[in-house]
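Working notes, structure below.
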Amino acid sequence: MITYLIDLGWVNLAYLVASVLFIIGMKGMTHPRTALRGNLISAWGMLLAVVAALLANGLSYQWILVGAVLGGAVGAITAVRVQMTQMPEMVALFNGFGGAASVLVAGAAFMTAAEPDLQMTIATGLSGLIGAVTFTGSLIAFLKLAEKMPSGSLGFPGIKAFNGLLILVALAGTAWLAVDPSSQMAYWLVVVVSCVLGVTLTIPIGGADMPVVIALLNSYSGLAAAATGFVLMNNVLIIAGSLVGASGIILTQIMCKAMNRSLGAVLFAEFGGAASGPSADDVYGGKVKSTSPAEVAMMLETAQRVLVVPGYGMAVAQAQHIVRDMANILEARGVLVEYGIHPVAGRMPGHMNILLAEADVPYEKLREMDDINNEIAQIDVCIVVGANDTVNPAARNDPHSPIAGMPIIDVDRARTVIVVKRSLSPGFAGIPNPLFAADNCLMMFGDGKKALTELVQALKEG
Amino acid sequence: MDMLIAAITVFVLAVYVGFEVITKVPPTLHTPLMSGSNAISGITLIGAVVSTRTDNPTLATVLAVVAVAFAMINVVGGYMVTHRMLGMFRKKR
């Protein structure tokens, strides 16, 4: 039993206040104006909870300090150095650390419990299971997002059955733990099996589904913390963990809806499923028109409304700043420039928004998909920068397309569409895009940053 | 058993509050929301700290200290990077 230097009531009160601060902090995230303050309130909550925990009797303060300094330094350096384009992999990695911490805390608590009761053993097993899946699953997601391993779907025949078997073994290990609470072995069996499970669950998921995976792992990291809260019977862990769990689930739902995919279809994706439908030659054959920066600059001379639709390609090319430069020139001429953001553009929820915020684009200029689709016919020139599947009209027109039914930004309904892209290569979905062959579409081939730099040059000269 | 039910009550209510609050977060803030929740999931730090008791077996202390390090990466890194990102939303005008 943990005792404290002060009355336990005060400690629990501090935990309660911390929990309330987390909720108020998250509420601050509902508007860009209050978000910064919300984050600070949440951080104060964390500080309060940590100070309360440090008042427990008999702690090894010197070792806590060692761990805290090491972890704090790594966290601080990462936070300062990470580039905005790298946010998806950083969040993925941090999700994993959260899972690992839960595995270790549950393990330590279980090891030192005098007489673990049924609820503690089950909670311990679940902490190990969820935490370990989160840990290795996030490491795989990190490696895929950082392109340190192939980002597509990997696996082997029968991987689904294999995963099912692993889940059964992990649950059996938890049951073993419940029956024989003295068995440390059972816990580590659950952890090892779940570590393998995290890998085999994540490797078949790739490409366009990555935003779903990090949102889901985000949720798992919270659920793992909540499960650890049940091990320690600590309310602040349960509350904070379930807030994060709920947040991740909501983002997962939003991402799935934006791709018209069910969560089950993402999680249990058929390994190696090849894209079907018309070939690139059928779609493009002689119908693709290319253009030059000078020509686009001339077109923009007469435009009154311009919409920029960014995709992951903008992040790769680091083109957000030059996009902003272009918008500045056009706005100085009285053109209304806005940005159409597809919910799954990029590799994590809100990825495009932070890149554009980094480039000083006011958030009022970022329009959501449904919102801008209503006005798309009034757009004179729509500039697609590194987006592909999220603007593919086949999703709307071709019921047999692999992306049929996925909501898209209807750029093909704008008066003129300029697509800035290296080549006609397909996006994550691996299918050709009839937009590129449309009458009102012109391709400006080239690296996003380079092509737009030339365009900005042409605009300045024009 | 009573304690378990009390804990489950807290869990269910907190999930509900989470759904209510997070549903209102605009897409523009989804990335900071995720990094901010990274920081909050570092709450395991509390569990890690109280597991470092000196009367514990050495192995338990080792696990707890490693957990402190992992959780601190989340807490410090999560809050700092979120702060950095949100600062970019604010600096205009």
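No lab work stands behind these numbers, since they all come straight from the coordinates. Small disclaimer: the values here were computed from a predicted structure and weren't measured. As a convention, Cβ positions derive from the backbone with ideal geometry for all residues, glycine included, and neighbour counts pool all protein chains shown.
Give the separation of the Cα centroids, the range A:316-369 to the range A:387-462, in Å.
Spelled out, the Cα-based centre of one part sits 16 Å from the other.
What are the residues whose amide H is under 5 Å from the amide H of residue A:340, where those residues sit 5 or more places off or on another chain and H is modelled from the backbone?
Residues meeting the amide H criterion: A:308, A:309, A:367.
I'd like the distance separating the alpha-carbon centroids of the range A:237-258 and the range A:167-189, in whole Å.
A separation of 28 Å, based on Cα centres.
Considering the dipole of the range A:8-267 built from charges on the beta carbon (Lys and Arg +1, Asp and Glu -1) around the Cα centre, which of A:203, A:133, A:51 is farthest to its positive end?
Checked the options; the winner is A:203.
From the square roots a ≥ b ≥ c of the eigenvalues of the alpha-carbon gyration tensor of chain B, which class results: rounded (a/c under 1.5), prolate (a/b over b/c), or oblate? Before the final figure, lay out each step's value.
On the way: a/c = 4.51, a/b = 1.40, b/c = 3.21.
Oblate is the answer for chain B, as a/c is 1.5 or above yet b/c matches or exceeds a/b.
Let me confirm one metric for peptide A:82-88, namely the mean number of other chain beta-carbon atoms within 10 Å of its residues' beta-carbons.
Details: counts 6, 0, 5, 0, 0, 6, 2.
Mean inter-chain Cβ contacts per residue within 10 Å come to 3.
May I ask you to compute the full-extension gain from residue A:260 to residue A:371, defined as 0.36 nm times their residue separation minus their alpha-carbon distance, rounded to one decimal in nm?
Details: separation 111, 0.36 × 111 = 39.96 nm, distance 1.80 nm.
Residue separation times 0.36 nm, minus the Cα-Cα distance, leaves 38.2 nm.
Does the range A:8-267 come out rounded, prolate or oblate by the C-alpha gyration tensor, with a ≥ b ≥ c the root eigenvalues, rounded set by a/c under 1.5 and, if not, prolate when a/b is larger than b/c and oblate if not? If you can, show how the numbers build up before the last one.
Details: a/c = 1.72, a/b = 1.10, b/c = 1.56.
It comes out oblate by the Cα gyration axes.
If you count the DSSP beta bridges with both ends in chain A, what percent of them are antiparallel, to the nearest 5? Let's see the in-between values first.
Values: 1 of 24 bridges.
Of those bridges, close to 5 percent are antiparallel.
Could you work out, residue by residue across A:44-50, how many beta carbons of other chains sit within 10 Å of that residue's beta carbon, and then give the average as an integer?
Details: counts 0, 2, 11, 2, 0, 4, 8.
Average neighbour count from other chains, rounded to a whole number: 4.
Summing -39500 (n - 2.57) over the DSSP H runs of n ≥ 4 in chain A and dividing by its residue number, what mean residue ellipticity at 222 nm do you reach, to the nearest 500 deg cm²/dmol? Show your work: numbers first, answer last.
Numbers: 18 runs with 275 residues, N = 462.
Counting only the DSSP helices, I get -19500 deg cm²/dmol.
So what is the relative contact order for the range B:27-90, in percent, with contacts set as C-alpha pairs under 8 Å and at least six apart?
Relative CO of the range B:27-90 lands at 47 percent.
How would you classify the range A:213-302 from its alpha-carbon gyration tensor, with a ≥ b ≥ c the square roots of the eigenvalues: rounded for a/c under 1.5, else prolate if a/b is greater than b/c, otherwise oblate?
Details: a/c = 5.26, a/b = 2.17, b/c = 2.42.
In terms of gyration-tensor shape, oblate.
Show the residues, 5+ positions off or on another chain, whose built amide H is closer than 5 Å to the amide H of residue A:427.
Residues meeting the criterion, in which the H sits 1.01 Å from N, are A:389.
Where does each of A:179-192, A:350-363 land if you order them by average Cβ count within 10 Å, highest first? Please list the in-between numbers first.
Numbers: A:179-192: 17.1, A:350-363: 23.7.
Highest mean packing first, the order is A:350-363, A:179-192.
With a Förster radius of 51 Å, plug the Cβ-Cβ distance of residue A:168 and residue A:422 into 1/(1 + (r/R0)^6) and report the FRET value to the nearest 0.05. Show your work: numbers first, answer last.
Numbers: r = 46 Å, r/R0 = 0.90.
Efficiency, rounded to the nearest 0.05: 0.65.
Treating only the Cβ of Lys, Arg, Asp and Glu as charged (+1, +1, -1, -1), what charge dipole size does the range A:8-267 show about its Cα centre? Round to the nearest 20 debye. Before the final figure, lay out the partial values.
On the way: 9 positive and 6 negative charges, 156 e Å.
So the dipole magnitude of the range A:8-267 works out to roughly 760 debye.
Ignore the peptide's own chain and count Cβ atoms of other chains within 10 Å of each Cβ in A:105-117; give me the average, rounded.
On the way: counts 15, 5, 6, 17, 8, 2, 8, 10, 0, 0, 0, 0, 3.
Counting Cβ atoms of other protein chains within 10 Å of each residue's Cβ and averaging gives 6.
Projected onto the charge dipole of the range A:29-180 (+1 at Lys/Arg Cβ, -1 at Asp/Glu Cβ, origin at the Cα centre), which of A:68, A:174, A:143 gives the Cα projection farthest towards the positive end?
A:143
Using helices alone, what [θ] at 222 nm do you get for chain B, with -39,500 (n - 2.57) per DSSP H run of 4 or more residues, divided over all residues and rounded to the nearest 500? The partial results should precede the final answer.
Details: 5 runs with 68 residues, N = 93.
Result for chain B: -23500 deg cm²/dmol, rounded to the nearest 500.
May I ask which residue of A:327, A:189, A:457 lies farthest towards the positive end of the charge dipole of the protein assembly as shown, with charges of +1 (Lys, Arg) and -1 (Asp, Glu) on Cβ and the Cα centre as origin?
In the protein assembly as shown, that residue is A:457.
Which entries of A:27/B:24; A:287/A:421; A:144/A:257 show an alpha-carbon separation above 18 angstrom in the structure shown?
Numbers: A:27/B:24 8 Å; A:287/A:421 16 Å; A:144/A:257 23 Å.
Where the Cα-Cα span goes over 18 Å, the pairs concerned are A:144/A:257.
Modelling each spin label as a point 7 Å along the Cα-to-Cβ direction, I'd like the residue A:6/residue A:115 distance in nm, to one decimal.
That separation, rounded to one decimal, is 3.3 nm.
By average Cβ neighbour count within 10 Å, what is the ranking of B:75-87, A:166-178, A:369-381 from highest down? It would help to have the intermediate numbers written out before the result.
Details: B:75-87: 24.6, A:166-178: 18.8, A:369-381: 16.3.
Top to bottom by mean Cβ count within 10 Å: B:75-87, A:166-178, A:369-381.
To the nearest Å, what is the center-to-center distance of the range A:100-126 and the range B:1-66, using C-alpha atoms only?
Using only Cα atoms to place each centre, the spacing works out to 15 Å.
Evaluate the charge dipole of the range A:280-461 about its Cα centre and quote only its size in Debye, nearest 20, assuming +1 on the Cβ of each Lys and Arg and -1 on the Cβ of each Asp and Glu. Intermediate values should be presented prior to the final figure.
Numbers: 16 positive and 23 negative charges, 58 e Å.
Taking the Cα centre of the range A:280-461 as origin, the dipole is about 280 debye.
Arrange the peptides A:137-146, A:400-409 so that the one whose residues have, on average, the most other Cβ atoms within 10 Å appears first.
A:137-146, A:400-409
If you put +1 on each Lys and Arg Cβ and -1 on each Asp and Glu Cβ, how big is the dipole of chain A around its Cα centre, in Debye rounded to 20? Write out the running numbers ahead of the final one.
Values: 25 positive and 31 negative charges, 64 e Å.
The dipole magnitude comes to about 300 debye.
Could you compute Rg(Cα) / (2.2 N^0.38 Å) for chain A, with N its residue count? Walk me through the numbers on the way to the answer.
Details: Rg = 25.2 Å, N = 462, 2.2 N^0.38 = 22.6 Å.
Relative to the rule-of-thumb radius for its length, chain A sits at 1.11.
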